[in-house]
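Dropping a structure here in structure tokens format, bear with me for questions.
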Amino acid sequence: MSDDETLKTYAAKADTYAELVSASVEKDAMLPAFLAALPAKSHVLDLGCGPGHFAAAIAANGHRVTATDAVQEMVDLASQHDGVTARLARFDQISGLDVYDGVWANFSLLHAARDDMPTHLAALHRALKPQGLFHIALKSGTGSKRDGLGRLYTYYTEEELTELLMQAGFTVTGTDRGSDTGLDGVRADWIAVAAHG
């Protein structure tokens, strides 16, 4: 993510966003399935970790978590959680080969430009160990637009996202759909996809 307005919004609202995420972790239906499928003592990348609540939950289950975010305020919050190593990094700074047992990309890559998504997914596929787990959740729809807070979103249909994942080398194993209210107070539909490398 390199959109300055989006980054500035998250920096300014880091504490408010942390409260919102904290309330959502316990009711999240996708995290338990992700955790159940991980091998013991896995190394997991939380991509676009925000305030780190999901990273903390993964670490609390006995896994080693590397958390990245493009906003320093979010990295600072994530670093406060036990078992979480957080660092400042954009999506295009993810590299490495066969590094992670799992990647948790929960409502982060929706801020990437559509043209950049194939490159990001290919890099994540390389960074995953063979058969490594991949979770991605995005707002569903078409096109790109800014929300009322100025954050830039790119929307995907299930078919489009599935095709992008397959082109990057992933095998899709499941999908989930829902609707939630975000930081901007607007309810939006989302899609989550489980896959492996």
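The values are calculated or read from the model by the stated rules, or taken from the named source; none is laboratory data. Treat the numbers as computed from the prediction; the structure is a model and nothing was measured. Please note: Cβ atoms are built from the backbone with ideal geometry, for glycine as well, and neighbour counts cover all protein chains shown. For accessibility, only protein heavy atoms count, side chains too; no ligands or nucleic acids. Shrake-Rupley method; radii C 1.70, N 1.55, O 1.52, S 1.80 Å.
Could you count how many residues in segment 143-163 are open to solvent by 40 Å² or more (accessible area, probe 1.4 Å) and touching a strand residue (DSSP E or B) at 6+ places or on another chain (Cβ under 7 Å)?
6
Out of segment 54-74, which residues are buried (at least 24 other Cβ atoms within 10 Å of the Cβ), within 12 Å of the chain's Cα centre (by Cα) and not small (G, A, S)?
Residues satisfying the conditions are F54, D69.
Can you give me the number of residues within segment 130-142 that are open to solvent by 20 Å² or more (accessible area, probe 1.4 Å), under 18 Å from the mean Cα position of the chain (by Cα) and closer than 19 Å to L38 by Cβ?
Looking only at that region, the number is 1.
I would also like to ask the following. Of everything in segment 29-75 that's in contact with a helix residue (DSSP H, G or I) (Cβ under 8 Å, 6 or more places away or on another chain) and charged (D, E, K, R), which residue is farthest from A12 (Cα to Cα)?
D46
Just give me the residues in segment 164-197 being in contact with a His (Cβ under 8 Å, 6 or more places away or on another chain) and either on the phi > 0 side of the Ramachandran plot or surrounded by fewer than 14 Cβ atoms within 10 Å (Cβ to Cβ) (or both), in sequence order.
Matches in segment 164-197: G169, T171, T173.
Does segment 72-84 contain at least one residue that is free of Cβ contacts under 8 Å to residues at least 60 places away in the same chain and within 22 Å of T181 (Cβ to Cβ)?
No: segment 72-84 contains no residue that is free of Cβ contacts under 8 Å to residues at least 60 places away in the same chain and within 22 Å of T181 (Cβ to Cβ).
Can you give me the number of residues within segment 127-178 that are assigned to a strand (DSSP E or B) and closer than 20 Å to W104 by Cβ?
Adding up the residues that qualify gives 24.
Which residue is modelled with the lowest pLDDT, if the candidates are limited to segment 18-50 and must be farther than 24 Å from T173 by Cα and open to solvent by 40 Å² or more (accessible area, probe 1.4 Å)?
It comes out as A23.
Here's a follow-up. I'd like to know if segment 173-183 contains one or more residues that are touching a residue at least 40 places away in the same chain (Cβ under 8 Å), of a type in the set (A, V, I, L, M, F, W, C) and under 26 Å from L38 (Cβ atoms).
no
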